[in-house]
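The values are calculated or read from the model by the stated rules, or taken from the named source; none is laboratory data. Note that the coordinates shown come from a computational prediction; the quantities given were computed from them, not determined experimentally. Using ideal geometry, Cβ is built from the backbone for each residue, glycine included, and neighbour counts are taken over all protein chains shown.
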Amino acid sequence: MSRIGKKPIPIPDGVTVRVDACCVTATGPRGTQEVVVRPEMTVKQENDELRVSPKGHSRLHRSLHGLTRTLLANALAGVYDGFTKQLEIKGVGYRAAVEDEKLVLHLGFSHPVEFTIPEGIKVEVKKNLITISGNDKQLVGETAARLRRLRPPEPYKGKGIKYTDEVIRRKAGKAAKAAAAAVGGAAK
């Protein structure tokens, strides 16, 4: 059995859960989220927690056990607290602004890049920080990854869009390599 799948999922205060044959619906202070449960899994609500159990012991059942439990836990956390990701823009003239339902980015291209904000996602821009928040963990992460992909950080000056907690490994440029070669050649 899955170690993660065996753990019960506590239901936070203020969140109501409805378990049907094919789906689990969670409603909380931040909205409603529905998780479709595969027919190989059984979800039971006992007191103030959810338990997930497989209907069989095949490889498929075992692999879906932990996944289903994690998806349900993320849905409950999403309707209670929500999820956020922060991106940082670095570079001279690089900036972002929210206009209507679009995020307009100036990233050193000859034209501004317009990014349509998906439904259920909230984007805030303060100076060079972009904050993405929403109830669906997968959608928040996917939106952040799509934004980062527009101009990934480059290793020489670090210009581009990166996660705030991401560390960019920097490389020495041509001038530094030439100086190192000159010093190494003079020593011989």
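Here are the numbers for this structure:
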quantity	calculated
Residues (in a loop (DSSP other than H, G, I, E, B) and either surrounded by 15 or more Cβ atoms within 10 Å (Cβ to Cβ) or touching a Ser or Thr at 6+ places or on another chain (Cβ under 8 Å) (or both)) located in the range 90-103	G91, Y94, E101
Residue in the range 136-157 that is aliphatic (A, V, I, L, M) and either more than 29 Å from K122 (Cβ to Cβ) or at pLDDT below 90 (or both) present	no
Every pair of residues 6+ apart whose Cβ atoms lie under 7 Å, when the first sits in the range 47-68 and is over 15 Å from V37 (Cβ atoms) and touching a residue at least 40 places away in the same chain (Cβ under 8 Å) while the second is surrounded by 12 or more Cβ atoms within 10 Å (Cβ to Cβ) and not small (G, A, S)	E49/P8; E49/I9; E49/P10; E49/I11; R62/P54
Members of the range 118-131 found to be closer than 20 Å to K162 by Cβ, at pLDDT 95 or above and of a type outside the set (K, R), listed by number	I121, V123, E124, V125, L129, I130, T131
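Residues are listed down the side, and each one gets a yes or a no for (1) more than 19 Å from Q138 (Cβ to Cβ); (2) modelled with pLDDT under 95; (3) loosely packed, with under 15 Cβ neighbours inside 10 Å:
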position	(1), (2), (3)
M1	yes, yes, yes
D13	yes, yes, yes
D20	yes, yes, yes
A26	no, no, no
G31	no, yes, yes
G66	no, yes, no
V79	no, no, no
E88	yes, no, no
